[in-house]
Amino acid sequence: MAERYEPRQVERRWQEEWERSGIYRVDERSDAPKYYALNMFPYTSGDLHIGHWYHFGPADSHARYKRMRGYNVLEPIGFDAFGLPAEEAAINHGVHPYVWTMNNIRRMEEQLRTIGAMYDWSREIATCAPEYYRWNQWLFLKFFERGLAYRAKAPANWCPHCQTVLANEQVIGGRCERCDTLVTRRDLEQWFFRITAFAEQLLDDLDEIDWPERVKTMQRNWIGKSHGAEFRLKVAGRDDLEIPVFTTRLDTVFGMTYVVLAPEHPLVDELLAADRVSDVREYQEQARRATEIERLSTEREKTGVFLGAEAVNPAGGERVPIWIADYVLASYGTGAIMAVPAHDQRDFEFAQQFGLPIRAVIRPPDRDAGTRAAGGERNGTTPAERGGASPSTEGTVGSEGVPIAAYVDSGVMVNSGQFDGLPSDVGMERVADWFEALGIGERTVNYRLRDWLISRQRYWGTPIPVVYCPTCGIVPVPEDQLPVLLPEDAEFRPTGLSPLTYYEAFVETTCPRCGGPGRRETDTMDTFVDSSWYMLRYCNPRVDDAPFDRRAVEHWMPVDQYLGGVEHAVMHLLYARFFIKALHDMGLVSFKEPFSRLFNQGIILGPDGHRMSKSRGNVVNPDDYVQRMGADTVRCYLMFIAPWDSGGPWSPQGISGVEAFLHRVWGLVLDGVAGNAPNDHGSADERIVRLMHKMSKGVTEDIERFRFNTMLAKLMEATNSLVRLRGQASKRIWREASERLVLLLAPSAPHLTEELWHRLGHQQSVHLQSWPGYDEALIAEPMITLVIQVNSRVRDKLEVPADISEEGARRLAQESPRVQAHLDGATVRQVVYVPGRLVNIVASRA
RNA sequence: GCCGAAGUGGCGGAACGGCAGACGCGGCGGUCUCAAAAACCGUUGGGGGCAACCCCGUGCGGGUUCGAAUCCCGCCUUCGGCACCA
């Protein structure tokens, strides 16, 4: 008997040995094809929790597999090191963010090493290092030069708790993504990145990348492209004014009965009638104060006020009142709409609320006329009938004959002058032609996507490299003066202004252009800027005259396999794509997409099936398990729980099965070698060879597709079979089988297999070996189980030669006594034969 | 409200339209032990039967098919995303 496997010593020893021999150091000069395996880098929270393990363990196994397949694999690691928690620690515990962050990094490095991953530590990065963030500043300047970074005053999402503005993407259902506080709005001068300039490309290029459909859909929805038209409304009695509006339903233009501007719309002041001033001002103030959640709630009754002016409908020449209402967003389209209450649910509700006229100009398509327009072209918002051809489109009318909903589907135009009788889709085009001919409007496209607000009123981030000069205005800091360093001894007070604001030595500077006194920008950048290009930095993190080494980047990029959680589906992944497109435009990179292939792991739940949280008390500490059972056991168990992309609950008992499995492999490989070989081992050898090739095939297919759970099941199954065949095989075959098992398990249990590999007598690391192939011909079983059914119910199973003929199979089936018993006088109507699988005899009485 | 994914033993989960429940946990019985743990062997969807065997069973209701967990239609539930984007 070999001694029991002691993971604690073995794992530590091999981790040190791998470090010493540098087998994971990556060299671009290799002849092997490159493979960039990237994991979303961790935030420096200070503790590597089980969720991190769930991400990094299986991800590393996949990278290791690729390496054994002959790829030159780059699997880097680093830290997303700027962000609010560091500052909170400063405010609450008086620890400087830098100290807090660096301590956390040190601790996490230690914990990460216990995973036993093949990270190339020589490429480690931390985004809070000046050597890193100076390049955020450099990139900002490049963006600024090209008009991709700009400063503007806009109503911004403000989190009262975090005391900072947030990007649109960071507001989830009207609440702060980080702390769940209700977000309010503030008008502030802020810096933006012009991501909208790439909306079309960001949308189109999704077709080029191998990402989960789910994520692509989320991005498509986020970008929210819609086709329509913009046209200008004349204001009655004001030849100097025009109101541009955007619509996707030009076919309903004859149904416009009023116009609505967003409360913040710049034309409000111009249009405001003297006797309406107080009402309108009050409403604007109220709208400004409303939280996002209040404003966005569709449940809420519509509010608004009349401006005291009228617009002219270019379609009918009719005068319609102009209102302001907060259901119209200043930031979408033109911030103003033509309201068609008969055919838009929101306008309908508003019209009901304020007694405005409702005029139907679209009739549901006539089912008999054969002009079935496609129903539900836009995302219908009506609670009434979906589908224009349904019999009860009159469902838009309540029992008393009072309309209860707008008819929002397409149909046939009515009450629309020369356009009467046209189906919606044709009508839209005709009206667009007409407006274009009149010169009052044109076809346009609008996006839901907003520009990326990157200013943050915080300390622990990258200073925005700009100086405000009383004479020169906004002056970018010249490249050769970068980095603009964060002062080390700032004060941390939660005031809503960046701590940098109070730091005179930082703020007061000279204008780089005129040399006069200037003031530095005190806002810092959103930390998503850091993670938008870190994959480029990894390619050569020591380069000090550019953000990235172009030659190294052209070698490694794009990332072949990106792994991480689905929570970054829109934010990080969209921003990173935007960065690459911007860099591509500048000629700095040759590719257009950063991540060729994406896969999202699921989340690991507590033993109670709920999300782990301190308040629930269901948090699993990986370090405890690593201490007791070893990293390999933890890694394998995490892979075994469930399909990787679905995640699932951690089971304290469940892990023992995996632990036992690894110990079984240990005993099998070490004791089995010495097993005696009796004279007649031919049939055992044959079975083992078949078993091994079958296992290789299954394991290869599974690991390729991240099906780690079934991969391990197959390894367990094969191990169990080998245990049963122990001592029956020839020495040569047994050794081959042992080695193959070790190799196939190597990516999943890197320490155990390394130890076994060496004990089997090898000098070189198991992780430098090739992935074992398999021979399809050797997998074929000589005998198969033929299932015999009568009327689709299994009645017998026969062991037959695999190459049995159809006639042979049919005959055997019919001859089976069990089958005979079930046929018993019935007439055979049909016999279905599935080669190598089953015979189904269909029979009936009379 | 809209879009998407998923519902399978006591539990986690397997199953190219062809033996439902692989693999593992847990349970039960046994070997070893003074005993326990560990390890090992057997068994384990439900019901009926002494047995050979038989019946039922993949959220619910229909359909297609010789055959459906798998495909189609309609519900229900859960989870994710979006939610006044004109």
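What residue, of A:Glu318, A:Glu264, A:Glu285, A:Glu294, is within 9 Å of RNA strand B (Cβ to nearest atom), open to solvent by 30 Å² or more (accessible area, probe 1.4 Å), among the acidic types (Asp, Glu) and modelled with pLDDT under 95?
A:Glu294
Here are some conditions: (1) away from RNA strand B (no atom under 11 Å from the Cβ); (2) in contact (Cβ under 8 Å) with a residue 24 or more places away in the chain; (3) surrounded by fewer than 18 Cβ atoms within 10 Å (Cβ to Cβ). A:Lys225 meets all but one. Which one does it not meet?
Only one criterion is unmet by A:Lys225, namely (1).
Can A:Glu230 be described as in contact with a Phe, Trp or Tyr (Cβ under 7 Å, 6 or more places away or on another chain) and among the acidic types (Asp, Glu)?
So A:Glu230 passes the test.
Looking at (1) over 30 Å from A:Arg12 (Cβ atoms); (2) modelled with pLDDT under 95, which one does A:Leu722 not meet, given that it meets all the others?
If we test A:Leu722 against (1) over 30 Å from A:Arg12 (Cβ atoms); (2) modelled with pLDDT under 95, just (1) comes out false.
Find the residue count for segment A:28-46, including only residues that are in a loop (DSSP other than H, G, I, E, B) and of a type outside the set (Gly, Ala, Ser).
Number of matching residues: 8.
Condition (residue is open to solvent by 10 Å² or more (accessible area, probe 1.4 Å), touching a residue at least 40 places away in the same chain (Cβ under 8 Å), outside any loop (DSSP other than H, G, I, E, B) and within 14 Å of RNA strand B (Cβ to nearest atom)) applied to segment A:637-651: is it met by at least one residue?
yes
Could you tell me which residue of segment A:144-181 is farthest from A:Ser498 (Cα to Cα), considering only residues that are out of contact with any Phe, Trp or Tyr (no Cβ under 9 Å at 6 or more places or on another chain) and β-branched (Val, Ile, Thr)?
A:Ile172
Taking the options A:Ala287, A:Ala262, name whichever one is more than 13 Å from A:Ala336 (Cα to Cα) and either touching a strand residue (DSSP E or B) at 6+ places or on another chain (Cβ under 9 Å) or without any contact (Cβ under 8 Å) to a residue 60 or more places away in the chain (or both). Give the steps one after another, and end with the answer.
Numbers: A:Ala262 fails: more than 13 Å from A:Ala336 (Cα to Cα).
Selected residue: A:Ala287, the only one of A:Ala287, A:Ala262 that is more than 13 Å from A:Ala336 (Cα to Cα) and either touching a strand residue (DSSP E or B) at 6+ places or on another chain (Cβ under 9 Å) or without any contact (Cβ under 8 Å) to a residue 60 or more places away in the chain (or both).
To keep it simple, each residue is scored yes or no on (1) closer than 30 Å to A:Tyr65 by Cβ; (2) open to solvent by 80 Å² or more (accessible area, probe 1.4 Å).
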| residue | (1), (2) |
| --- | --- |
| A:Gln769 | yes, no |
| A:Arg811 | no, yes |
| A:Ala821 | no, no |
| A:Thr827 | no, no |
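Residues to consider are A:Tyr54, A:Tyr71; find the one that is more than 26 Å from A:Ala660 (Cβ to Cβ) and modelled with pLDDT of 95 or more.
Only one candidate passes the filter, namely A:Tyr71.
Looking at the structure I just gave you, is A:Ala360 away from RNA strand B (no atom under 15 Å from the Cβ), buried (at least 18 other Cβ atoms within 10 Å of the Cβ) and part of a loop (DSSP other than H, G, I, E, B)?
yes
Do you know which residues across segment A:510-539 are on the phi < 0 side of the Ramachandran plot, out of contact with any Pro (no Cβ under 7 Å at 6 or more places or on another chain) and open to solvent by 30 Å² or more (accessible area, probe 1.4 Å)?
A:Arg513, A:Cys514, A:Pro517, A:Arg519, A:Arg520, A:Thr527
Filter segment A:652-666 down to the residues that are in a helix (DSSP H, G or I) and in contact (Cβ under 8 Å) with a residue 24 or more places away in the chain and list them by number. Please lay out each step first, then the result.
Taking segment A:652-666 and keeping what is in a helix (DSSP H, G or I), we get A:654-666.
Within segment A:652-666, A:Ile655, A:Val658, A:Glu659, A:Phe661, A:Leu662, A:His663, A:Arg664, A:Val665, A:Trp666 qualify.
Could you grab me the full set of residues in segment A:323-337 that are assigned to a strand (DSSP E or B) and either near RNA strand B (Cβ under 7 Å from one of its atoms) or touching a Lys or Arg at 6+ places or on another chain (Cβ under 8 Å) (or both)?
Once the filter is applied, which keeps residues that are assigned to a strand (DSSP E or B) and either near RNA strand B (Cβ under 7 Å from one of its atoms) or touching a Lys or Arg at 6+ places or on another chain (Cβ under 8 Å) (or both), segment A:323-337 yields only A:Ile337.
Could you please give the count of residues in segment A:52-93 that are among the small types (Gly, Ala, Ser), touching a helix residue (DSSP H, G or I) at 6+ places or on another chain (Cβ under 9 Å) and not in a loop (DSSP other than H, G, I, E, B)?
Summing the residues that are among the small types (Gly, Ala, Ser), touching a helix residue (DSSP H, G or I) at 6+ places or on another chain (Cβ under 9 Å) and not in a loop (DSSP other than H, G, I, E, B) in segment A:52-93 gives 6.
Pick out, from segment A:405-495, the strands (runs of 3 or more DSSP E) lying fully within it that include 3 or more residues that are open to solvent by 40 Å² or more (accessible area, probe 1.4 Å). Walk me through it before giving the result.
Numbers: elements: A:441-447, A:466-469, A:473-476.
In segment A:405-495, the matching strands (runs of 3 or more DSSP E) lie at A:441-447.
So that you can scan it fast, the table gives a plain yes or no per residue for (1) assigned to a helix (DSSP H, G or I); (2) at pLDDT 90 or above:
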{"residue": "A:Leu668", "(1), (2)": "yes, yes"}
{"residue": "A:Asn676", "(1), (2)": "no, no"}
{"residue": "A:Ser683", "(1), (2)": "yes, no"}
{"residue": "A:Ser696", "(1), (2)": "yes, yes"}
{"residue": "A:Ala713", "(1), (2)": "yes, yes"}
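In contact (Cβ under 8 Å) with a residue 24 or more places away in the chain and either among the charged types (D, E, K, R) or surrounded by 20 or more Cβ atoms within 10 Å (Cβ to Cβ) (or both): is that true of A:Leu588 in this structure?
no
Exactly one condition in (1) open to solvent by 10 Å² or more (accessible area, probe 1.4 Å); (2) under 22 Å from A:Thr164 (Cα atoms) is false for A:Leu500; which is it?
Among (1) open to solvent by 10 Å² or more (accessible area, probe 1.4 Å); (2) under 22 Å from A:Thr164 (Cα atoms), A:Leu500 violates only (1).
Of the residues A:Ile804, A:Ile779, A:Ile788, which single one is open to solvent by less than 30 Å² (accessible area, probe 1.4 Å) and over 41 Å from the mean Cα position of the chain (by Cα)?
On the way: A:Ile804 fails: open to solvent by less than 30 Å² (accessible area, probe 1.4 Å); A:Ile779 fails: over 41 Å from the mean Cα position of the chain (by Cα).
Going through A:Ile804, A:Ile779, A:Ile788 in turn, just one is open to solvent by less than 30 Å² (accessible area, probe 1.4 Å) and over 41 Å from the mean Cα position of the chain (by Cα): A:Ile788.
Of the residues in segment A:192-215, how many are farther than 30 Å from A:Gln457 by Cβ, buried (at least 17 other Cβ atoms within 10 Å of the Cβ) and either within 11 Å of RNA strand B (Cβ to nearest atom) or over 17 Å from the mean Cα position of the chain (by Cα) (or both)?
1
Any residue at all in segment A:109-120 that's of a type outside the set (Ser, Thr, Tyr), under 30 Å from A:Pro747 (Cβ atoms), open to solvent by 40 Å² or more (accessible area, probe 1.4 Å) and more than 16 Å from RNA strand B (Cβ to nearest atom)?
Within segment A:109-120 (the criterion being of a type outside the set (Ser, Thr, Tyr), under 30 Å from A:Pro747 (Cβ atoms), open to solvent by 40 Å² or more (accessible area, probe 1.4 Å) and more than 16 Å from RNA strand B (Cβ to nearest atom)), the answer is yes, since at least one residue qualifies.
Taking segment A:594-620, which residues are open to solvent by 20 Å² or more (accessible area, probe 1.4 Å) and touching a residue at least 60 places away in the same chain (Cβ under 8 Å)?
Passing the criteria: A:Ser596, A:Arg597, A:Phe599, A:Gln601, A:Ile603, A:Met612, A:Val619.
So for segment A:625-636 (the condition being open to solvent by less than 40 Å² (accessible area, probe 1.4 Å) and more than 16 Å from RNA strand B (Cβ to nearest atom)), does at least one residue qualify?
Start the filter on segment A:625-636 by keeping residues that are open to solvent by less than 40 Å² (accessible area, probe 1.4 Å), which leaves A:625-626, A:629-636.
Among the residues that remain, those that are also more than 16 Å from RNA strand B (Cβ to nearest atom) are: A:626, A:631.
Yes, some residue in segment A:625-636 is open to solvent by less than 40 Å² (accessible area, probe 1.4 Å) and more than 16 Å from RNA strand B (Cβ to nearest atom).
Any residue in segment A:164-177 that is without any contact (Cβ under 8 Å) to a residue 40 or more places away in the chain and farther than 30 Å from A:Gly46 by Cα?
No, because not a single residue in segment A:164-177 is without any contact (Cβ under 8 Å) to a residue 40 or more places away in the chain and farther than 30 Å from A:Gly46 by Cα.
Taking the condition outside the structural domain of A:Pro750 (by TED's automatic domain parsing), on the phi > 0 side of the Ramachandran plot and surrounded by 23 or more Cβ atoms within 10 Å (Cβ to Cβ), does A:Gly83 pass?
For A:Gly83, the condition - outside the structural domain of A:Pro750 (by TED's automatic domain parsing), on the phi > 0 side of the Ramachandran plot and surrounded by 23 or more Cβ atoms within 10 Å (Cβ to Cβ) - is met.
Any residue in segment A:768-781 that is closer than 30 Å to A:Ser21 by Cα sitting within a Cβ distance under 8 Å of a residue that is basic (Lys, Arg)? List the pairs, counting only those 6 or more apart or interchain.
The qualifying pairs are A:Ser770/A:Arg69; A:Trp771/A:Arg69; A:Pro772/A:Arg740.
The values are calculated or read from the model by the stated rules, or taken from the named source; none is laboratory data. Keep in mind that what you see is a predicted model, and the values were worked out from it rather than measured. Don't worry about glycine lacking a Cβ; one is built from the backbone with ideal geometry, like all the others, and counts go over all protein chains shown. For accessibility, only protein heavy atoms count, side chains too; no ligands or nucleic acids. Shrake-Rupley method; radii C 1.70, N 1.55, O 1.52, S 1.80 Å.
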